[in-house]
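*Asks:* Before I ask anything, let me first share the structure, which is written out below as structure tokens.
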Amino acid sequence: MRIYLFPWDQHPEGVLNAVTESQVSALELERVLPTLRTLFERDDKFFANIKKRDVEKISNRQMRIPLEIRPGGSFGYFNPDGGDLGRGGGPTYDKAVLNSVFMVEAIEYTKLTDWATDDSRKAVISSVRRLTATAMDEIRRQIDAQLQQPGTGVIGTVTSDTPAGGENVIVMTTDGFGARLMRFGQTVQVFDSTLATNRGSATISFHDTENKTIKLFPQIAGVTGGDLIVTNGIASPTALPALYGVPYHHDNSATGTWLGFNRANTPEIRANRVNGNSAALTLPLPRLAINKIGNRVGLDNNFNPVAWMHPCQEAAYEEIGQLVSIIQKQAKDESLNMYFGGGKQMAGATVKCHFNWNQKRIDFVSDSVWGRGEILPLGFYTTDGRKIFEIRGASGGVATAEIFYMVVGMQTFVNNPAACSYIDALAIPAGY
């Protein structure tokens with residue numbers, strides 16, 4: 001038997017038409033991994049810590065926190081041989097007051113997203129079930145971010161704005177947060193540096209945490225360095241209408257108010273501050289912060305503060321420890337770890353790290369003095385038992401979309417500001 005091999009274009013039957021992949025692509029199966037990975041965080045570490053505290057149920061009337069703010073009595077020496085003992089006095093009592101603020105996380109979806117993913121034969125997860133399951137986590141993350149602002153709703157500071165393509169391209173390297181307190185898709189407002197002028201509102205269409213950059217669409221005119229990014233729904237930030245966060249309670253300012261008190265006239269309600277002077281963390285600073293608490297409320301106060309900080313300040317603290325570490329090398333193979341593990345303490349205070357924390361601050365938080373009043377527990381907004389609501393179209397008919405809301409009505413308080421201390425204006429270590 002003879003076998004003839006012809007070049008491709010000289011085959012006696014003409015050019016061969018071999019089946020190509022494009023002709024069988026309709027037969028191929030598309031592989032979708034069954035595990036959904038989340039490429040962002042929902043950290044709520046500080047809110048979770050505050051949430052564990054006993055909640056004070058309150059109405060829409062002011063909640064009152066009674067305080068003994070000044071000692072009393074008239075001390076002195078007297079003449080026991082018929083002398084006058086004089087008149088006396090007593091302690092001064094007053095009250096701190098607060099009202100709840102109301103926060104909402106709105107989640108909306110079209111019916112097609114529901115129908116297209118409502119069965120395991122259609123999708124790896126049900127999109128609506130996923131939305132309802134993560135909505136609670138998302139609002140908790142937002143509340144945690146709000147706990148880092150001073151009651152104004154400010155969640156970022158504009159360093160520069162370079163408009164492009166109908167959007168604001170905003171870089172934020174001025175404060176200690178960058179873009180960390182914001183979320184993609186969030187509607188925000190831009191105010192001037194005095195919080196007097198509202199330049200407009202827009203949606204975050206691009207969010208780059210690493211490079212501290214966001215884009216706002218549609219573009220807001222007149223945005224400049226020093227402007228402030230404010231949470232949506234706040235008309236007058238200077239009236240302090242937002243949640244009272246750590247910078248509100250941990251503040252030694254002699255201007256403004258605190259829970260109804262005039263800070264200028266009531267030094268007893270000011271917290272304790274240590275100024276970092278824009279320098280790197282040094283060991284005397286935390287000790288001074290703790291000692292300031294003792295100077296105000298006594299050594300045997302049992303407040304047991306916790307040192308909350310961004311991991312960058314933990315790293316700065318760790319580097320101080322590395323400078324004085326000695327490695328005792330044994331005559332055998334040993335592993336090497338030049339870093340310290342958990343269980344760190346700072347001047348006796350347990351160290352807790354949180355990426356939402358201001359990179360320039362360390363706050364000594366006493367859990368026993370922090371609390372919250374609550375008029376509306378965190379959960380679904382309901383009407384007549386309904387949790388999910390239909391959307392109306394432009395015609396007045398039903399639109400093929402639905403919406404639900406996670407809501408909460410609450411406010412935080414501190415019942416002893418003298419037991420609070422903080423270090424601010426610290427230098428941010430390189431790379432952060």
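*Asks:* Quick one: which of ARG121, ARG141 is within 27 Å of VAL188 (Cα to Cα) and of a type in the set (Lys, Arg)?
*Replies:* ARG141
*Asks:* Does the range 67-80 contain any residue that is of a type in the set (D, E, K, R), under 39 Å from the mean Cα position of the chain (by Cα), loosely packed, with under 14 Cβ neighbours inside 10 Å and under 30 Å from MET182 (Cβ atoms)?
*Replies:* no
*Asks:* Which residue is surrounded by the fewest Cβ atoms within 10 Å (Cβ to Cβ), if the candidates are limited to the range 284-301 and must be without any contact (Cβ under 8 Å) to a residue 24 or more places away in the chain and polar (S, T, N, Q)?
*Replies:* So the residue we want is ASN295.
*Asks:* Under the condition of being among the polar types (S, T, N, Q) and either surrounded by fewer than 19 Cβ atoms within 10 Å (Cβ to Cβ) or more than 11 Å from the chain's Cα centre (by Cα) (or both), which residue from the range 147-159 is farthest from ASP118 (Cα to Cα)?
*Replies:* THR159
*Asks:* Oh, and also: If we scan the range 343-352, do we find a residue that is open to solvent by less than 20 Å² (accessible area, probe 1.4 Å) and either assigned to a loop (DSSP other than H, G, I, E, B) or of a type in the set (Phe, Trp, Tyr) (or both)?
*Replies:* The answer is no; no qualifying residue exists.
*Asks:* List the strands (runs of 3 or more DSSP E) that sit entirely inside the range 354-432 and contain at least 1 residues that are buried (at least 21 other Cβ atoms within 10 Å of the Cβ) and at negative phi.
*Replies:* Correct list: 362-365, 370-380, 398-414, 421-424.
*Asks:* Within the range 81-98, work out how many residues are under 19 Å from SER59 (Cα atoms) and open to solvent by 60 Å² or more (accessible area, probe 1.4 Å).
*Replies:* 1
*Asks:* Still on this model: Out of the range 132-160, which residues are hydrophobic (A, V, I, L, M, F, W, C), assigned to a helix (DSSP H, G or I) and either at pLDDT below 95 or within 30 Å of SER193 (Cα to Cα) (or both)?
*Replies:* Of everything in the range 132-160, those that are hydrophobic (A, V, I, L, M, F, W, C), assigned to a helix (DSSP H, G or I) and either at pLDDT below 95 or within 30 Å of SER193 (Cα to Cα) (or both) turn out to be ALA133, ILE139, ILE143, ALA145.
*Asks:* Looking at the range 291-342 only, could you name the residues that are part of a loop (DSSP other than H, G, I, E, B) and acidic (Asp, Glu)?
*Replies:* ASP300, ASP333, GLU334, listed by residue number.
*Asks:* How many residues are in contact with a helix residue (DSSP H, G or I) (Cβ under 8 Å, 6 or more places away or on another chain), among the acidic types (Asp, Glu) and free of Cβ contacts under 8 Å to residues at least 24 places away in the same chain when one looks only at the range 117-176?
*Replies:* Total meeting the criteria: 1.
*Asks:* Right, another one. Just name the residue that is nearest to the chain's Cα centre (by Cα) out of those in the range 82-105 that are closer than 26 Å to ILE269 by Cβ and in a loop (DSSP other than H, G, I, E, B).
*Replies:* Looking only at the range 82-105, we keep the residues that are closer than 26 Å to ILE269 by Cβ, and these are 88-103.
Next, from what is left, pick out any that are in a loop (DSSP other than H, G, I, E, B): 88-91, 99-100.
On the way: GLY88: 49, GLY89: 45, GLY90: 42, PRO91: 39, ASN99: 21, SER100: 19 Å.
Of everything passing the filter in the range 82-105, SER100 is nearest to the chain's Cα centre (by Cα).
*Asks:* Here is a further query. Here are some residues: SER74, SER59. Which one is assigned to a loop (DSSP other than H, G, I, E, B) and touching a strand residue (DSSP E or B) at 6+ places or on another chain (Cβ under 7 Å)? Can you show your working first?
*Replies:* Numbers: SER74 fails: touching a strand residue (DSSP E or B) at 6+ places or on another chain (Cβ under 7 Å).
The conditions single out SER59.
Rundown of residues vs (1) loosely packed, with under 15 Cβ neighbours inside 10 Å; (2) in contact with a Ser or Thr (Cβ under 8 Å, 6 or more places away or on another chain); (3) of a type in the set (Gly, Ala, Ser), yes/no style:
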| site | (1), (2), (3) |
| --- | --- |
| LYS111 | no, yes, no |
| TRP115 | yes, no, no |
| SER126 | no, yes, yes |
| ARG140 | no, no, no |
| ALA145 | no, no, yes |
| ASP161 | no, yes, no |
| GLY165 | yes, no, yes |
| GLN186 | no, yes, no |
| VAL190 | no, yes, no |
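*Asks:* Taking only pairs six or more apart or across chains, which ones have beta-carbon atoms under 8 Å, a first residue in the range 262-283 that is free of Cβ contacts under 8 Å to residues at least 60 places away in the same chain, and a second residue that is β-branched (Val, Ile, Thr)?
*Replies:* Pairs found: ARG263/THR255; ARG263/THR257; ARG263/ILE269; ALA264/THR255; THR282/ILE320; LEU283/ILE320.
*Asks:* Another one. From the list ASN252, ASN198, ASN232, exactly one residue is open to solvent by 10 Å² or more (accessible area, probe 1.4 Å) and more than 27 Å from GLU167 (Cα to Cα). Which is it?
*Replies:* Values: ASN198 fails: more than 27 Å from GLU167 (Cα to Cα); ASN232 fails: more than 27 Å from GLU167 (Cα to Cα).
Within the list ASN252, ASN198, ASN232, the selection yields ASN252.
The values are calculated or read from the model by the stated rules, or taken from the named source; none is laboratory data. As the structure is a prediction and not an experimental result, all values here were calculated from the model. FYI the Cβ positions are ideal-geometry reconstructions off the backbone, even for glycines, and counts take in every protein chain you see. Heads up: the accessible areas ignore ligands, DNA and RNA and are worked out on the full protein's heavy atoms, side chains in. Shrake-Rupley method; radii C 1.70, N 1.55, O 1.52, S 1.80 Å.
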